1. Extending each Cα 7 Å along its Cβ direction at Lys172 and Ala230, get the distance between those two points in nm, one decimal.
2. May I ask for the distance between the Cα centers of region 1-59 and region 102-140, given as a whole number of Å?
3. Filter the cross-link list Lys369/Lys424; Lys17/Lys178; Lys17/Lys188; Lys17/Lys152; Lys24/Lys376 down to pairs whose alpha-carbon distance in this structure exceeds 25 Å.
4. Could you point to the residue in Ser30, Ala53, Leu7 farthest towards the positive end of region 6-79's charge dipole, with +1 and -1 charges on the Cβ of Lys/Arg and Asp/Glu respectively?
5. Between Asp22 and Trp317, take the C-beta separation as r, use R0 = 51 Å, and let me know the FRET efficiency to the nearest 0.05.
6. Modelled label-to-label distance, Gln70 and Asn124, 7 Å Cα→beta-carbon offset: nm?
7. Pulled fully out, how much extra length does the chain show between Ser30 and Glu92, if you take 0.36 nm times their separation in residues and subtract their Cα-Cα distance?
8. Ignoring everything except DSSP H segments at least 4 long, calculate the 222 nm mean residue ellipticity for the chain; use -39,500 (n - 2.57) per segment, divide by total residues, nearest 500.
Amino acid sequence: MDLNAILKNLKNCPCGKCHTCDVKTVEIGSGLLQKTAEILKNNNFPTDILVVADKNELRAADGILDILTQGGFNISPLIFEDLRVAEYAESERIAALSREKGGILSIGTGSCNDICRRAAFVENKPFAIFATAPSMDGFASDSSPLTANNFKISYPAKQPDIIIGDTAVLAKAPAELKSAGFGDMIAKYTALVDWKIANLTIGEPMCERVADVTRQGLMRAVSLADRVTAEDEETAGAIFEGLILTGMAMQLGKTTRAASGAEHVVSHFWECKKLEQGLLSDFHGKKCGVATLMVTRLYKELAAMENPVFVSDQTDWDTVYAIYGEHFRSEVEKFNTPTVTDETSPEILAKVWPEIRRIILEELPSVEKLTELMQKAGCATTAKEIGVADDLAVTGLQYHPYMRHRMMLTRLVPMFKDVEPDWKTLAGI
Ligand SMILES: [Zn+2]
Ligand SMILES: [Zn+2]
């Protein structure tokens, strides 16, 4: 992957920001597993390292520990049984374990990378990832969504210095994980729309060139929709590259906006609520894909209105706090004091509505088109398929905005006069 070409294109960006990226090397190719030690050494990665994986991931990267040892690395492996939740406490444990080590190598995908990336940030250690599945876009990210007390928030984290993706390994990943990766890519449609809306309504900075890095990854994934589930090295490699591009866009723009919008927050809401009951959630990208469909239904419905009347924020806070419950109350209060709609007004919304409407009508694919793409790629398209109960699906779609201080079109619904969406239908129930 030509990182220099991407960075060159972002030089002297008209947005005024200096776009930099800490990732030094992204190697994607067939048979790279055997060359892991060599690649790390060639990039001056320390040889005394903490290696973190779970058992499934270690099986996918079969033989990697021996390859490292034979390649001259002194490794301390930390192997989890099954790492489905990225716990903040685990990131602290890894940070402590890495203290005497030169660097951290994470073998895996979502949760494993998330806890390692945070640990590497806390201890300021060189950090590398050997990817085992193209299942989500967090590989190049500089933030970690971690769970503490069942509440999931993003913490500052370290971008990996090196990312290795062996297409033979990636292609063999379970179809469900590859489809999840596609779901995380599809989410960029609504994410980019929300970024633009935040720019128009509260003046949040937006960079079109960074958004284009995301679009590039998105288009690549979309063009391969019907090959996602096949055991095909070329497709797995291309999807992986798309996921890296969008992850990188977050770092380049210094905002998660380039990769996540309302659909990600909906997914986090479901996850938190399920965790509260001690239930594990489905894969990140799988949930985000389903949420993207729901959010798109809402956005298309709102955009059908040519001249809506806007009023001050009519949020019923008693209901909001009741929905979140005592457990999450202090977090929700923190994110809403002040609340993000204080930064805009009915007048501003009326002024920018034609532009918001145009973006939704022109840049967001239709619900039918999205559904078709997702089905081709083997993605889940309903709440049922991701184990989210009907009422949770609906409350998540309606009340997720309050778990962030973040402008999204979903957060503006209470500023539309006399508009009460049929949340059940929008949630596909
Ligand atoms: Zn820019
Ligand atoms: Zn994501």
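1. Inter-label distance under the simple model: 2.0 nm.
2. The distance from the Cα centre of region 1-59 to that of region 102-140 comes to 11 Å.
3. Details: Lys369/Lys424 21 Å; Lys17/Lys178 34 Å; Lys17/Lys188 22 Å; Lys17/Lys152 29 Å; Lys24/Lys376 34 Å.
Result: Lys17/Lys178; Lys17/Lys152; Lys24/Lys376 exceed 25 Å.
4. Farthest along the dipole direction, towards plus: Leu7.
5. On the way: r = 40 Å, r/R0 = 0.79.
After rounding to 0.05, the efficiency reads 0.80.
6. Taking the simple label geometry, Gln70 and Asn124 are separated by 3.7 nm.
7. Numbers: separation 62, 0.36 × 62 = 22.32 nm, distance 3.42 nm.
Going from the current span to full extension adds 18.9 nm.
8. Details: 17 runs with 219 residues, N = 429.
-16000 deg cm²/dmol, from helical runs alone.
None of the figures in this text is laboratory data; all of them are computed from the coordinates on show. Just so it is clear, the model here is predicted, and its values are computed rather than measured. Using ideal geometry, Cβ is built from the backbone for each residue, glycine included, and neighbour counts are taken over all protein chains shown.
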